[in-house]
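Coordinate-derived values only; no laboratory data. None of the values given here were measured: they were computed from a predicted structure. Heads up, the Cβs are rebuilt from the backbone with ideal geometry, glycines too, and the neighbour counts pull from every protein chain shown.
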Amino acid sequence: MKPTLLLHICCAPCAIVPLQDLMQDFSVVGFFYNPNIHPLKEYLLRKEATFQLGEDFKIPMLYGDYPYRDFLHNTLPVSATKDRCTICYSMRMKETYHRFLAGNFQYSSSTLFFSPYQNHDTIRKQVWTFFSPSQYIVRDWSTSYQKGTQEARDRGYYRQSYCGCIFSNEDRYSKSKKR
Ligand code: SF4
């Protein structure tokens with residue numbers, strides 16, 4: 001029997017390559033928890049795509065709460081700096097850790113390690129704040145970014161045009177504003 005692994009999923013397109021890799025060695029359960037995503041309509045689109053992903057890969061999928069007010073409260077004071085991403089990663093790792101303990105999983109990981117646009121060093125620092133090295137699988141899937149995004153396209157998954165929070169939406173659509 002394969003060991004169990006709780007995979008934090010940020011969105012369906014970022015989960016394809018990590019799932020193809022991890023499912024070879026682990027019995028994977030997905031966990032969609034992303035209070036950073038704004039607005040609600042965007043959150044629901046990504047959640048719906050993740051539901052489809054779970055069906056396609058035939059894995060159980062858990063869904064966390066959507067405490068976007070907490071996310072905004074925590075990040076607004078530092079919204080113009082990269083600290084907002086540190087807080088964002090931390091909130092998602094913390095909740096994943098709670099689910100990991102509650103579900104008695106053997107391992108955990110995150111699809112955040114798929115995107116070359118995420119800060120992997122900062123994510124790793126937040127991971128080790130909660131998990132021990134024996135509990136967590138860190139792999140750099142970003143080298144397969146083109147392959148994964150093409151497969152997301154082929155599968156017809158919803159693909160977002162900005163990272164997720166209202167601040168990244170502003171960065172994306174307001175050319176003059178720099179983080
Ligand atoms: S840019 Fe992305 S990682 Fe950074 S705070 Fe916004 S949603 Fe989170």
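At-a-glance table
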{"item": "Proximal aspartates and glutamates relative to residue 94, as straight alpha-carbon distance under 18 Å, when same-chain residues fewer than 8 apart are discounted", "result": "65, 70, 83, 121"}
{"item": "Other-chain or far-sequence residues with amide H under 5 Å of residue 4's (modelled H)", "result": "27, 106, 107"}
{"item": "Ordering of 29-40, 127-138 by burial proxy (mean other Cβ atoms within 10 Å per residue, highest first)", "result": "29-40, 127-138"}
{"item": "The chain - percent relative contact order, Cα under 8 Å, separation 6 or more", "result": "30"}
{"item": "Inter-part distance where region 18-55 and region 76-106 are each reduced to a Cα centre, Å", "result": "16"}
{"item": "Sum of -39500 (n - 2.57) over DSSP H runs of 4+, divided by residues of the chain (222 nm, nearest 500)", "result": "-15000 deg cm²/dmol"}
{"item": "Subset of 125/147; 47/82; 2/58 violating a 20 Å alpha-carbon distance limit", "result": "125/147; 47/82"}
